[in-house]
Amino acid sequence: YQVKKNGKGHYRFYNDKDQLYSKKLMLEKELSQALYRNELMLHYQPQIDALHGRVIGVEALIRWEHATLGMIMPGEFIPIAEETGLMLSIGEWVLREACQQAKQWQDEGHMIKIGINLSAQQFEQESFVGTVARILKQTGVDPVYIDLEITESIAMTHISNVIDKLKALKELGVSISIDDFGTGYSSLAYLENFPVDKLKIAREFTSRIGSSQANHMIISSIINLARSLNMNVIAEGVENHEQASMLQQIRCHEMQGYLFSKPISAEDLGKLLIKPSFAVDFKGAAVVEDS
Ligand code: C2E
Ligand code: MG
Ligand code: MG
Ligand code: MG
């Protein structure tokens, strides 16, 4: 953090903004090359069955490993990818890479679900359902284990189109989750008509477990809502045992979070899956140590 010696307040601010702007330009330029330089990769975060503590799925999360800048997280580069139109090719790469990895695990006998995040642009593409169909066919993955994650904002724009598209996707055999549920503007009236399989309770709610009765009520309401609509429910961002045992008590189906494991490489996840028993002891240590 640099302070200009003879600069006035606004002068310094101007400089910082300038620097920010050129960093963004630089990232834009680098990102346009990331795909063919093979700098993108997927990490996978385990999803735990709350009843037995088994790994029943993973969420694929993109990372950008730049040669000199190091690891860049999606929060930093996905907005840039969306602005520049790069998100379409990156999104398609994510789909193919995740399906290939899922196929490999299936061939090894690990029947786990793979959650794949979709961007709004990707989902809105006319050709999106066709793209998914083609990738499923090319990779030979069993679609029963593919779970596409959409946000509430994707779900709630152009609702009738979205419902048709979700139905078409489900006809391919994949399942659909609503990501970060509770943070957007889902209309509960529409939810009933949505061909959705799972609600992912946003980390914002999980992290406030124990802090207020109101928060507790919100989480139990989401779980009850999911149950009455015949949907699955997973809590995101489970970081400690207090949260895990409360979620167990109110019969949340699945959990995901640092308590169990951070997102890890496909190789490390593979090692986790071949452990003779990776059942989680909720009162004991997490299944995977931080690396
Ligand atoms: P998300 O889909 O809600 O993913 C969950 C995020 O929460 C991940 O951040 C994950 O590392 C983080 N997380 C998981 N457990 C915990 C926990 O216990 N505590 C805390 N503090 N954080 C936890 P990440 O990997 O940085 O991804 C951020 C967001 O970027 C994702 O949120 C998703 O919206 C987006 N994203 C990631 N990969 C992709 C992708 O392949 N395609 C698209 N379109 N978006 C992606
Ligand atoms: Mg997600
Ligand atoms: Mg989420
Ligand atoms: Mg998100």
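Which of the residues spanning region 70-87 are of a type in the set (A, V, I, L, M, F, W, C) and open to solvent by less than 60 Å² (accessible area, probe 1.4 Å)?
Ile72, Phe77, Ile78, Ile80, Ala81, Leu86, Met87
The residues on offer are Gly115, Gly109, and the sole one that is closer than 18 Å to Val144 by Cβ and either more than 16 Å from ligand 3 (Cβ to nearest atom) or part of a loop (DSSP other than H, G, I, E, B) (or both) is Gly109. With respect to the conditions (1) open to solvent by less than 60 Å² (accessible area, probe 1.4 Å); (2) within 16 Å of ligand 2 (Cβ to nearest atom), Lys113 falls short on a single one, namely (1). Scanning region 94-110 for residues that are under 19 Å from the mean Cα position of the chain (by Cα) and either at pLDDT below 95 or small (Gly, Ala, Ser) (or both), we see that the one that is nearest to His43 (Cα to Cα) is Ala98. Residue pairs whose Cβ atoms lie under 9 Å apart, separated by 6 or more positions or on different chains, with the first residue in region 253-269 and under 20 Å from Thr206 (Cβ atoms) and the second in a loop (DSSP other than H, G, I, E, B) and of a type in the set (Phe, Trp, Tyr), are Leu259/Phe282.
Within region 174-195, being within 14 Å of ligand 2 (Cβ to nearest atom) and not hydroxyl-bearing (Ser, Thr, Tyr) holds for Ile176, Ile178, Asp179, Asp180, Phe181, Gly182, Gly184. Tell me the residue from Glu242, Glu192 that is away from ligand 3 (no atom under 16 Å from the Cβ), charged (D, E, K, R) and either open to solvent by less than 30 Å² (accessible area, probe 1.4 Å) or under 21 Å from Thr157 (Cα atoms) (or both), please. Residue meeting the stated conditions: Glu192. Looking only at region 146-180, residues that are open to solvent by 50 Å² or more (accessible area, probe 1.4 Å) and not polar (S, T, N, Q) come to 7 in all. Just to be sure, is Asn161 in a loop (DSSP other than H, G, I, E, B), away from ligand 1 (no atom under 16 Å from the Cβ), modelled with pLDDT under 95 and not hydroxyl-bearing (Ser, Thr, Tyr)? For Asn161, the condition - in a loop (DSSP other than H, G, I, E, B), away from ligand 1 (no atom under 16 Å from the Cβ), modelled with pLDDT under 95 and not hydroxyl-bearing (Ser, Thr, Tyr) - is not met. Restricting the first member to region 155-181 and to residues that are closer than 16 Å to Leu118 by Cα, and the second to residues that are of a type in the set (S, T, N, Q) and more than 16 Å from ligand 2 (Cβ to nearest atom), the beta-carbon pairs closer than 9 Å and six or more apart or on different chains are Met156/Ser187; Ile163/Asn193.
So, in region 28-51, of the ones that are more than 16 Å from Ala235 (Cα to Cα) and assigned to a loop (DSSP other than H, G, I, E, B), which residue ends up most open to solvent (accessible area, probe 1.4 Å)?
The residue in question is Tyr36.
Looking at Glu236, Glu204, which one is within 16 Å of ligand 2 (Cβ to nearest atom), at pLDDT 95 or above and either more than 17 Å from Glu149 (Cα to Cα) or surrounded by fewer than 13 Cβ atoms within 10 Å (Cβ to Cβ) (or both)? Result of the check over Glu236, Glu204: Glu204.
Results for (1) open to solvent by 20 Å² or more (accessible area, probe 1.4 Å); (2) on the phi < 0 side of the Ramachandran plot, shown as yes or no for each residue.
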| site | (1), (2) |
| --- | --- |
| Arg208 | yes, yes |
| Ser211 | yes, yes |
| Ile218 | yes, yes |
| Ile223 | no, yes |
| Arg227 | yes, yes |
| Asn230 | yes, no |
| Gln248 | yes, yes |
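The values are calculated or read from the model by the stated rules, or taken from the named source; none is laboratory data. What you see is a predicted model, and the numbers here were worked out from it, not measured in a lab. As a convention, Cβ positions derive from the backbone with ideal geometry for all residues, glycine included, and neighbour counts pool all protein chains shown. Just the protein is used for accessible areas: all its heavy atoms, side chains included, with ligands, DNA and RNA removed. Shrake-Rupley method; radii C 1.70, N 1.55, O 1.52, S 1.80 Å.
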